[in-house]
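Structure record follows, encoded as structure tokens.
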Ligand code: PAF
């Protein structure tokens, strides 16, 4: 497995693979990799001839009051997991390599889509995500790119960007990977102390409550969301940012739960903001 820190090295390596007729998968990450990322790398390695993992903590998707400075990093562990899961190239650039001085161009979806759900409290987040993912697409030129369904709004936004900008790249969504007790895997779980770690289970438990009601035939979004919220509100360390039902493609709020509706939530456990979701089947 090769490590590249420059755009030039990535371009040369991928160009050689393409000359050999090989297909290329990209797994964009911000590092501090866990088994959720591992599943994306594995999916790419199974599906494509070569897999590139980018490990880049992207400053443009963090607001000044967010956790860019404290975001966990462990590149040695990242490299080991990438290798174990079958990556061929890890792209680990410095900020200056990705954003040259005076960089002033952004990719932004100008509809309500990035303003819904997480966009309400993180207004510049998806502009930063679209910009960096677009740059990674231009650098790596992959055939397929792999993203987790835990970040369901991000996945929908990237699909929309790919369509609107005519990228010839297939976007593959991969299922949420959970701890044994149900907590969705996230690099931010590391912020939780012991008490908060227990409290954080209210998210996955609320997902189960919501799914159960839907499986029993409940289609009224308000009823399902109220039940999920009441459960979370019982947890003293939890503060709800949102629990909402939206169209899984457009992110527009819906009243009725039918196929492909996304029920998503963001909840603060102490100071840590966690997300989780389920899609109506
Ligand atoms: O999901 C993430 O880790 C990031 O938002 C991404 C897609 C790697 C862009 O920085």
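Once the Cα atoms are used to define both axes, helix 152-164 deviates from the longest principal axis of the chain by about 50 degrees. Just the Kirkwood number for the stretch 122-181, please: inverse of mean 1/r across all distinct Cα pairs, in Å, one decimal. Averaging 1/r across every pair of different Cα atoms and inverting gives 12.3 Å. Multiplying the residue separation of residue 6 and residue 190 by 0.36 nm and removing their Cα-Cα distance gives an extension gain of 63.3 nm. Taking the Cα centroid of the stretch 56-112 and of the stretch 161-219, what is the distance between the two, rounded to the nearest whole Å? Going from one Cα centre to the other spans 21 Å.
Once both labels are positioned 7 Å from their Cα atoms along Cα-to-Cβ, the gap between residue 16 and residue 83 label points is 1.9 nm.
Given their separation in residues at 0.36 nm each and the Cα-Cα distance between them, residue 94 and residue 222 gain 41.5 nm when the chain is fully extended. For the stretch 199-239, the Cα-based Rg and Dmax, in that order, read 10.2, 31 Å. Using the Cβ-Cβ distance between residue 239 and residue 68 with R0 set to 30 Å, the FRET efficiency works out to roughly 0.90.
Extension gain, residue 259-residue 178: 0.36 nm per intervening residue step, less the Cα-Cα distance, totals 26.9 nm. When all alpha carbon pairs of the chain are counted in 10 Å bins from zero, the resulting P(r) reads 6, 28, 36, 22, 7, 1 %.
Values quoted throughout were computed directly from the atomic coordinates according to the rules given, and no laboratory measurement underlies them. On a predicted model such as this, the values are computed, not experimentally measured, just so you know. Every residue, glycine among them, receives a Cβ derived from its backbone with ideal geometry; neighbour counts consider all protein chains shown.
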